[in-house]
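K.L.:
Sharing a structure with you now.
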Amino acid sequence: MKTLRESIEINVSPEIIWDWILHIAENYLEWHPSHIKANWETEIASEVGSILYAEEDISGEFLKMSSKLTRLIPNKLYRFKTVGSLKLILAGGSFEIEPSEKGSIFTTTLDFHMGKLLSKFIKKKVQQISQHMIEEGQNLKKILEK
């Protein structure tokens, strides 16, 4: 298992970040220029068991992913697992929010099913995903600090 983790300080309260995350399907296109589409596949959105479908282009590779919410702690933790064919590579991830002096620390994690050998083999793709996560954090900071 390989975990990518990126954190950024955002000068807003955890509640503001949490509200934005709960509306991720509506906010998805604004979040990053490579995001193409997002919608809830379940009748109920943003609850444990809800499934979010999203499409994005990471460095020319078109990705379709469905994620099932597995744990929600208001203003702190939004955890998901990948469902569908991508789950063979991407186990899941989370958004974590911690209060800070200036507002909040927002941390994104993605957990991949890969050992050291596979990680070296697809090192460039891992770097592209990591860069994408950094950009998402920077973009979220700009969006919320307006």
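The values are calculated or read from the model by the stated rules, or taken from the named source; none is laboratory data. Please read all numbers here as calculations on a predicted model, not as lab measurements. Methodologically, a virtual Cβ is constructed for each residue, glycine included, from the backbone with ideal geometry; neighbour enumeration extends over all protein chains shown.
K.L.:
List the residue pairs whose Cβ atoms are under 6 Å apart, where the first residue sits in the range 69-86 and is within 18 Å of GLY103 (Cα to Cα) and without any contact (Cβ under 8 Å) to a residue 60 or more places away in the chain, the second is buried (at least 17 other Cβ atoms within 10 Å of the Cβ) and not hydrophobic (A, V, I, L, M, F, W, C), and the two are 6 or more positions apart or on different chains.
P.N.:
Filtered contacts from the range 69-86: LEU77/GLU96.
K.L.:
Scan the strands (runs of 3 or more DSSP E) fully inside the range 36-121 and keep the ones with 3 or more residues being at negative phi and surrounded by fewer than 13 Cβ atoms within 10 Å (Cβ to Cβ). Write out each step before concluding.
P.N.:
Working: elements: 51-58, 61-73, 77-83, 90-99, 104-112.
Hits in the range 36-121: 61-73.
K.L.:
If I go through the range 1-16 residue by residue, how many of them are modelled with pLDDT of 95 or more and out of contact with any helix residue (DSSP H, G or I) (no Cβ under 9 Å at 6 or more places or on another chain)?
P.N.:
First, the residues of the range 1-16 that are modelled with pLDDT of 95 or more: 5-16.
Add one more test, that the residue is out of contact with any helix residue (DSSP H, G or I) (no Cβ under 9 Å at 6 or more places or on another chain), and what stays is 13-15.
Counting residues in the range 1-16 that are modelled with pLDDT of 95 or more and out of contact with any helix residue (DSSP H, G or I) (no Cβ under 9 Å at 6 or more places or on another chain) gives 3.
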